[in-house]
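For reference, the structure is listed below as structure tokens.
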Amino acid sequence: MKHYGIITIAVVLLICASVYGAKVNSIGAAKATVSGETYIVPVELSNTVPMAALDLPLKFSEGVSLEEVTFEGTRSADFDFRWANIDNDNNTVVIGLIPMVEGRNPDLEPGEGAIANLVFSVDDASVDKIEVTETTMEKPQHALMLVYNEVVDGKSQVRSLTPAFDGITVALSQVAAQEILPKSFALKQNAPNPFNPQTRMDYDIPKATHVRLDVFNVLGQRVITLVDEYQEAGSKSVVWNGRDDAGSSVASGIYFYRLEADQFSATKKMMMLK
């Protein structure tokens, strides 16, 4: 009975270790976003061991094309080796990552976050989701594998494990419904320009702040204040009807509009023609 008890405990410990490892060493996806006609799907790695290399072969669903794989702004941005082989004919991509090739960078420390961004375009209008699963390949061989170094008896040993990956599913309608916040302050050129009797001015604010938008004449005199309030982050627009603060129509000529928000200030020129 004692012998069987030891075996049972050992099996339980192995199962628990496997389950635990699957939970913490895993591949998943962060919140997808839309940019123009493309959908950006961040691939996240959660690792509990310092990563020395990652082989990540993926297969994506029909009806979409993988335009590119980007690494800027991710945990792999400073890696010595970042590689992506896209095959849209077979709906596959192989991503290879190695932090250190030339002896400059350390292994990727344990943590979690995006390691690559998959940029998709939709070829078939009937497609309502993008699905990404792991795959294996031959000639050359590729399989989902995380490589790490482990010190055993004072010596470094190369080890590997297979991160858990349940697949990625992105519902396009949900992504399209999300507002993509601007990354920086910006004041756009008004349209139409020249204008009569009204024109629209667009601007971006990447964070909630107080916003002021004024119109001035060529003498530098304020004609009207179009915006003077606290606004949430986002892309905004305001229409000017060519009238001053008193409600009187302004004369034809050159006018300037200035945006002030947080520490940002920008001025652009426009023309009223009657």
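The values are calculated or read from the model by the stated rules, or taken from the named source; none is laboratory data. It should be emphasised that the depicted structure is a prediction, and the values quoted were computed from it without experimental measurement. Reconstructed Cβ throughout: ideal geometry from the backbone, glycine too, with neighbour counts over all protein chains shown.
Just give me the residues in segment 118-151 being out of contact with any His (no Cβ under 9 Å at 6 or more places or on another chain) and of a type in the set (Ser, Thr, Tyr), in sequence order. Don't jump to the end; show me each part of the working.
Filtering segment 118-151 down to residues out of contact with any His (no Cβ under 9 Å at 6 or more places or on another chain) leaves 118-134, 137-151.
Listed by number, the residues that qualify are SER121, SER126, THR133, TYR148.
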Can you give me the ranges of the strands (runs of 3 or more DSSP E) entirely in segment 197-274 with at least 1 residues that are over 22 Å from PRO182 (Cα atoms) and free of Cβ contacts under 8 Å to residues at least 60 places away in the same chain? 209-217, 222-231, 234-240, 253-261, 264-272
Across segment 187-215, the tally of residues that are surrounded by 15 or more Cβ atoms within 10 Å (Cβ to Cβ) and either within 14 Å of GLY242 (Cβ to Cβ) or among the polar types (S, T, N, Q) (or both) stands at 7
Hey, among the residues in segment 45-56 that are in contact with a Leu (Cβ under 9 Å, 6 or more places away or on another chain) and not in a strand (DSSP E or B), which one's surrounded by the fewest Cβ atoms within 10 Å (Cβ to Cβ)? PRO50
Candidate set: segment 233-249, residues that are closer than 17 Å to VAL211 by Cα and surrounded by fewer than 12 Cβ atoms within 10 Å (Cβ to Cβ); chosen: the one nearest to the chain's Cα centre (by Cα): SER237
Taking segment 57-85 on its own, how many of its residues are within 23 Å of PRO140 (Cα to Cα), of a type in the set (A, V, I, L, M, F, W, C) and in a loop (DSSP other than H, G, I, E, B)? 1
Would you call GLY103 within 20 Å of the chain's Cα centre (by Cα) and either outside any strand (DSSP E or B) or surrounded by 14 or more Cβ atoms within 10 Å (Cβ to Cβ) (or both)? no
Total residues in segment 77-103, condition in contact with a Ser or Thr (Cβ under 7 Å, 6 or more places away or on another chain) and without any contact (Cβ under 8 Å) to a residue 12 or more places away in the chain: 0
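THR70: under 19 Å from ASP128 (Cα atoms), polar (S, T, N, Q), in the same structural domain as ILE115 (by TED's automatic domain parsing) and buried (at least 16 other Cβ atoms within 10 Å of the Cβ), yes or no? Break it down stepwise before answering.
Details: under 19 Å from ASP128 (Cα atoms): no; polar (S, T, N, Q): yes; in the same structural domain as ILE115 (by TED's automatic domain parsing): yes; buried (at least 16 other Cβ atoms within 10 Å of the Cβ): yes.
Judged against the criteria, THR70 is not a match.
Just to check your reading of the model, which residue among THR38, THR74, THR70, THR48 is farther than 17 Å from GLY167 by Cα, in contact (Cβ under 8 Å) with a residue 24 or more places away in the chain and touching a helix residue (DSSP H, G or I) at 6+ places or on another chain (Cβ under 6 Å)?
On the way: THR38 fails: touching a helix residue (DSSP H, G or I) at 6+ places or on another chain (Cβ under 6 Å); THR74 fails: touching a helix residue (DSSP H, G or I) at 6+ places or on another chain (Cβ under 6 Å); THR70 fails: touching a helix residue (DSSP H, G or I) at 6+ places or on another chain (Cβ under 6 Å).
Result: THR48 is the single residue among THR38, THR74, THR70, THR48 that is farther than 17 Å from GLY167 by Cα, in contact (Cβ under 8 Å) with a residue 24 or more places away in the chain and touching a helix residue (DSSP H, G or I) at 6+ places or on another chain (Cβ under 6 Å).
Does PRO106 satisfy the condition of being closer than 21 Å to ARG159 by Cα and touching a Ser or Thr at 6+ places or on another chain (Cβ under 8 Å)? Talk me through it step by step, then tell me what you get.
Details: closer than 21 Å to ARG159 by Cα: yes; touching a Ser or Thr at 6+ places or on another chain (Cβ under 8 Å): no.
Criteria not met by PRO106.
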If you go through SER252, SER184, the only one that is over 30 Å from VAL24 (Cα atoms), within 37 Å of the chain's Cα centre (by Cα) and surrounded by fewer than 14 Cβ atoms within 10 Å (Cβ to Cβ) is SER184
